[in-house]
Structure formats: structure tokens, C-alpha cells
Amino acid sequence: MKTVVWEGRWALITGASSGLGESFARQLAANKCNLVITARSEDKLRSLAAELSAQHGVAVEVVTCDLGAPGGAVKLCAAVDQLGHDIEHLVSNAGFGLGGPLVELDAARQGDMVRLNCEALTVLDAHFGRGMVARGSGGILHVASIAGYQPVPYMATYGATKAYVVSLSLALGEELRGAGVRVSALCPGPVATGFQAVAGRGIVPSQRRAVLSADDTVAAGLRAYAAGRDLCVPGGHNKLGAFAVKLLPRRMVLRAVGKMMRSKPVLQA
């Protein structure tokens, strides 16, 4: 696997206006990587772009887009293509979760979640990955979750979308083996970001010791990506939990997770 080159290259970051996405933008800009940042919040993006350009001397392009809307990912691909930059690194970070019993949650909103967490990410992979393969360089970094390691009662749809991301990452990485293109999935545990407000739940008390900052989570993800690792679970507590669910009987895991999630708080970012 080739060494990752950040300086002077272009990275596309989705969901870049806050949380993990903003941290990705800051850390990549500090490595002299030019950025295309996208989210729905134009004011936040333009403020961040001006700050990073001034601080690090990098070029930062802003594209506002709602990836959760029908056709949103296709529109983003077209808008980025018009900028004329070869996207060397794709960071698919945009996503959200909803907490509660599946049958009590808004059906349309859950459809939006699947579209954003799964469909948009896949469309971006296919579009920008094609150029990476043609050039024989680059890579894709998906933000997945430890929620993708097992079913998550009371966040059933969210957990299923993240299981999709983990599976897609591993399969795509195998398809692109030898093509000079890396694929990595960052699977964080609890991170205090705006995710919890959208999901309507706080962090589960039993997971408080596993909480990492957004900056530490992103730094771990970028190190794993640069090292060519296909999966990254940052933090010792989270690694232990991800390993344990592989060993324990599924029914036991389901009941334990269901009991934890039923009490209202949530997993992560």
C-alpha cells in the first residue's frame, strides 16, 4: 500500500460543519490537505473554510448539499466534479441516528436515515472511487460505529445502517486490493457531539468511561487509514466491547444491549 500523501491533495468531507466532520477538516488542513467540505449549513461551512485557509494556507471549497434528500448524493457528485479537483481522499462522515422503538419512530425520517447513512455513502464511493482506481491512488474513509458490530434494539435502524457501512467497507476494500486505493472504516464508540441531540438520547451511563473526544477519535481514524487498516475501533473500552460481542451468544448480546438502550440514553457519533 502506498504512503498516504496529504499535502497538496484534495479531500472531500461530508458532514463537515460540526462534530467529527469538523475535526476531520481541521486535522487534514493542518496536514496541508486541500478540502472540499459539504453539509447543509452554509454559514458554518464558510466560516470554517475561511478559518482553515487563513490558518493553514490550504484551499477550501464549500458545497452545500442535503445528502439525505432524494438524489442528494448524485447532486453532490456533479457539484464537486464542476470544481475540477481530483478527489484523492473521500471521508464519508455524514449521518444521524434516531432512538426509540422502530414502530414508534417516524417512518419517513427513518427512510431519510437509510438514504443518508447508506445510499449516499455508496453513491459517493462508486463515483469518486472510479477516479481513484483510474489514477491508482487515493482512498475512502467511512465513519461507521461500534453499533454496527451487533443489532441495537431501540436504535434498530441506525445500528443496521452502520452494520451496512462496516460490511461495505470490508467488501470494497477487498475489491480494491492491489488497485492502490485504500478503504477504512472508523467505528467509534461514544463521542459527545450533536449526534445525541438529533437521536434524542444521551450517552449511556455504563459507557461514560468509554467516551473519547471528537479530536482523539478522528486522529485514531486517520492513523488507521494511513496505515492501511480496514477497521478502526478507537479506545480500549470500545475495542473490548467490539471483541466481546464476537464471542458471546447473540441472544445474550441482544438482551444486554436492549436492556441498556431501553433506559433512554444512546451510543455514539
(request) Kindly indicate whether any position in the range 133-150 is β-branched (Val, Ile, Thr), under 23 Å from Asp112 (Cα atoms), crowded, with 20+ Cβ neighbours inside 10 Å and at pLDDT below 95. (result) yes
(request) Output the number of residues of the range 97-122 satisfying the condition of being of a type in the set (Val, Ile, Thr) and crowded, with 20+ Cβ neighbours inside 10 Å. (result) 0
(message) For the range 32-45, give me each residue that is part of a helix (DSSP H, G or I) and surrounded by 15 or more Cβ atoms within 10 Å (Cβ to Cβ).
(response) Lys44, Leu45
(request) List every residue pair whose Cβ atoms sit under 7 Å apart, with the two residues 6 or more apart in sequence or on different chains, where the first one lies in the range 120-141 and is among the charged types (D, E, K, R) and the second, anywhere, is not in a helix (DSSP H, G or I). (result) Asp125/Ile140; Arg135/Asp86
(request) Quickly run through the range 47-60 and pick out the residues that are surrounded by fewer than 19 Cβ atoms within 10 Å (Cβ to Cβ) and either in a strand (DSSP E or B) or among the aliphatic types (A, V, I, L, M) (or both). (result) Ala50, Ala54, Ala59
(message) Here's a check for you: in the range 32-58, which residue that is within 27 Å of Gly228 (Cβ to Cβ) and of a type in the set (A, V, I, L, M, F, W, C) is farthest from the chain's Cα centre (by Cα)?
(response) Val58
(request) Count, please, the residues in the range 152-191 that happen to be in a loop (DSSP other than H, G, I, E, B), in contact with a strand residue (DSSP E or B) (Cβ under 7 Å, 6 or more places away or on another chain), without any contact (Cβ under 8 Å) to a residue 60 or more places away in the chain and of a type in the set (A, V, I, L, M). (result) 2
(message) Take Ala29 and tell me if it is within 30 Å of Ile146 (Cβ to Cβ) and surrounded by 22 or more Cβ atoms within 10 Å (Cβ to Cβ).
(response) yes
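The values are calculated or read from the model by the stated rules, or taken from the named source; none is laboratory data. Treat the numbers as computed from the prediction; the structure is a model and nothing was measured. Cβ coordinates were reconstructed from backbone atoms using ideal geometry, including for glycine residues, and neighbour counts include every protein chain displayed.
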